[in-house]
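Student: Below is one structure. I have some questions about it.
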Amino acid sequence: MVGKIRIGALISGSGTNLQAIIEACDDEKIEGRMVFVGSDDPEASGLQRAREKNIPAFVMDYKSIIREFRREPAKAVLPDDFDFKEIFAKQALFSDQDDPAKGQFFLISRAIAEARLLDAMQPYPFDLLVLAGFMRNLTPYFIDRVNTVPNQPRIMNIHPALLPAFAGLDGYGDTFRYGCKVGGCTVHFIDYGEDTGPIIGQRAFEIRPEDTIDTIREKGLKLEWELYPECIQLFAAGRISVVRRNFDLGKGKKVARRIVVIEQ
Ligand code: GAR
């Protein structure tokens, strides 16, 4: 990529990762600039960090959109280009074992929110979208409208655990409660599952007997603030490609997975 990449960010909380990314852009550790910050939560204190830097910031209030849909589903305005069958077939958030009504409610309510989020993002063209503590699963409806070039994903996420262990909402808490001796964080591309996309980078830290959930979170966040900007810079420098690898497990068994290859 020639010149600076345009980075959009989605947050839900305090935005310390957002801050680390903005500072890395300012310090030219990332050849990029932040072009918008969106939040699903009007209370997200990280929005203030964007405003202080004069970065356009907006809210798409998921909670009220979902509440509205629950109250009066018949009144919901579904996006014109929403095809439930297609989205359901692609998604990997719900399995056949799950209650179909739950999956249906989730995918439809989120597509309504996501269509409005895409509208809010529309004035700010971007090369990379970073999820920086964005606590919402994205559905294929949204993902396909951002990832328009095959095999060139452009939505990154940071997760507070060493994936594929402890996907979900509380990576550090789950790591701690499991009694792990090592914890860490992972930056990965988003795919149709929950925290399942190709891994770009990881950092680990030791968990000692005296550690608490608070010290673990502290150690982890410090590493996140280094790792996320580094991974974003790899993207900005055009050093990341996603390739499909086939692995032979022997006895006629094979497994295929899309993985990230970093150009040295
Ligand atoms: C970070 O620990 C990030 O890894 C985590 O939320 C925190 C956000 O902190 N993200 C997730 O759990 C995503 N599922 P921040 O708002 O201070 O950057």
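Student: What number of residues within the stretch 173-191 are among the charged types (D, E, K, R), part of a loop (DSSP other than H, G, I, E, B) and more than 25 Å from Thr139 (Cβ to Cβ)?
Tutor: Qualifying residue count for the region: 1.
Student: Please verify whether Phe126 is within 16 Å of the ligand (Cβ to nearest atom), at negative phi, buried (at least 17 other Cβ atoms within 10 Å of the Cβ) and in contact (Cβ under 8 Å) with a residue 12 or more places away in the chain, treating the condition exactly as stated.
Tutor: no
Student: Then there's this: Hey, among the residues in the stretch 175-190 that are in contact with a helix residue (DSSP H, G or I) (Cβ under 9 Å, 6 or more places away or on another chain) and among the hydroxyl-bearing types (Ser, Thr, Tyr), which one's nearest to Leu234 (Cα to Cα)?
Tutor: Out of the qualifying residues, it is Thr186.
Student: Hey, can you tell me all the residues within the stretch 6-33 that are under 23 Å from Glu114 (Cβ atoms) and more than 14 Å from the ligand (Cβ to nearest atom)?
Tutor: Arg6, Ile7, Gly8 - these are the residues of the stretch 6-33 that are under 23 Å from Glu114 (Cβ atoms) and more than 14 Å from the ligand (Cβ to nearest atom).
Student: I've got another one for you. Being of a type in the set (Gly, Ala, Ser) and either free of Cβ contacts under 8 Å to residues at least 40 places away in the same chain or touching a Pro at 6+ places or on another chain (Cβ under 6 Å) (or both), is that true of even one residue in the stretch 26-35?
Tutor: Checked against the condition, which is being of a type in the set (Gly, Ala, Ser) and either free of Cβ contacts under 8 Å to residues at least 40 places away in the same chain or touching a Pro at 6+ places or on another chain (Cβ under 6 Å) (or both), the stretch 26-35 yields no hits at all.
Student: Restricting the first residue to the stretch 68-82 and requiring it to be under 13 Å from Phe105 (Cβ atoms), which pairs with a second residue that is among the polar types (S, T, N, Q) and modelled with pLDDT of 95 or more meet a Cβ separation below 6 Å and a spacing of at least six or different chains?
Tutor: Every condition considered, the pairs that remain are Phe69/Ser109.
Student: Can you tell which of Arg203, Arg217 is surrounded by 15 or more Cβ atoms within 10 Å (Cβ to Cβ), basic (Lys, Arg), within 11 Å of the ligand (Cβ to nearest atom) and in contact (Cβ under 8 Å) with a residue 24 or more places away in the chain?
Tutor: Only one candidate qualifies: Arg217.
Student: Ile66 fails exactly one of the following numbered conditions: (1) over 28 Å from Phe235 (Cβ atoms); (2) surrounded by 15 or more Cβ atoms within 10 Å (Cβ to Cβ); (3) within 15 Å of the ligand (Cβ to nearest atom). What is the number of that condition?
Tutor: Of (1) over 28 Å from Phe235 (Cβ atoms); (2) surrounded by 15 or more Cβ atoms within 10 Å (Cβ to Cβ); (3) within 15 Å of the ligand (Cβ to nearest atom), only one is false for Ile66: (3).
Student: Of all residues in the stretch 220-262 being surrounded by 12 or more Cβ atoms within 10 Å (Cβ to Cβ) and of a type in the set (D, E, K, R), which is nearest to the ligand (Cβ to nearest atom)?
Tutor: Residue satisfying both the conditions and the ranking: Glu224.
Student: Hey, Val2 hits all of (1) of a type in the set (Val, Ile, Thr); (2) in a loop (DSSP other than H, G, I, E, B); (3) modelled with pLDDT of 95 or more but one; which does it fall short on?
Tutor: That leaves (3) as the condition not met.
The values are calculated or read from the model by the stated rules, or taken from the named source; none is laboratory data. Source: prediction; values computed, not measured. Using ideal geometry, Cβ is built from the backbone for each residue, glycine included, and neighbour counts are taken over all protein chains shown.
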